[in-house]
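First comes the structure, then the notes that go with it.
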Ligand SMILES: NC(=O)c1ccc[n+]([C@@H]2O[C@H](COP(=O)([O-])OP(=O)(O)OC[C@H]3O[C@@H](n4cnc5c(N)ncnc54)[C@H](OP(=O)(O)O)[C@@H]3O)[C@@H](O)[C@H]2O)c1
């Protein structure tokens, strides 16, 4: 992460969960971070600063949770748009790289609306799901990749 010291990162969803953990990790690694979210009070508490680098964190599995099915559709769309952007940047030999991260279940506020009767709620209760910090470490690993390496699961 040495090469990013003093550089600027923009993180959406910065007031909780994965975005919050990513911000903490990037600041710890010497980056200046701009956090975006609606709950300004939480952002001000964390004193997040200005930024530039884009990373997309998403899930594109169809979980058997009816309340999440529409949400899942948006994730498929984001994945397709991100991959299109990645291919277009590659076609013009851009230095900008696009990587999508698709975690499994992460224990954050997003899952608070899952009904108790759903099997995934039990997984959360016995605490076997990922932690936001795990995703933050993954993001730092991606950022640490050398300039000639692009992390992607695409065949193109
Ligand atoms: N948790 C999981 O299991 C999991 C798995 C795979 C992928 N993901 C994806 O990871 C991302 C982060 O999720 P999370 O689990 O960390 O959820 P989270 O803890 O609920 O955090 C969501 C963040 O997004 C912000 N946000 C929500 N609606 C917004 C809006 N309309 N405009 C601006 N900011 C908004 C929230 O802040 P404010 O409410 O303050 O605006 C909050 O900072 C999401 O895209 C999610 O789909 C999560």
Along each principal axis of its Cα atoms, how long is the chain end to end? Whole angstroms, biggest number first, please. 49, 41, 26
For labels at residue 1 and residue 102 in the simple 7 Å Cα→Cβ model, what's the distance in nm? 2.7
Between residue 130 and residue 74, what length in nm is gained on full extension when 0.36 nm per residue of separation is reduced by their alpha carbon distance? 18.0 nm
With contacts defined as alpha carbon pairs under 8 Å and 6 or more residues apart, what's the relative contact order of the chain in percent? 25
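By counting other Cβ atoms within 10 Å of each Cβ, how are 106, 137 ranked from fewest to most? Can you show the working numbers first?
Numbers: 106 20, 137 13.
Ordered from fewest to most neighbouring Cβ atoms within 10 Å, 106, 137 come out as 137, 106.
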How large is the helix-only mean residue ellipticity at 222 nm for the chain, computed as the sum of -39500 (n - 2.57) over DSSP H runs with n ≥ 4, divided by its residue count, in deg cm²/dmol to the nearest 500? -12000 deg cm²/dmol
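Only the coordinates and a few stated rules stand behind these numbers; no lab work does. Values in this document were obtained by computation on a predicted structure and should not be read as measured data. Methodologically, a virtual Cβ is constructed for each residue, glycine included, from the backbone with ideal geometry; neighbour enumeration extends over all protein chains shown.
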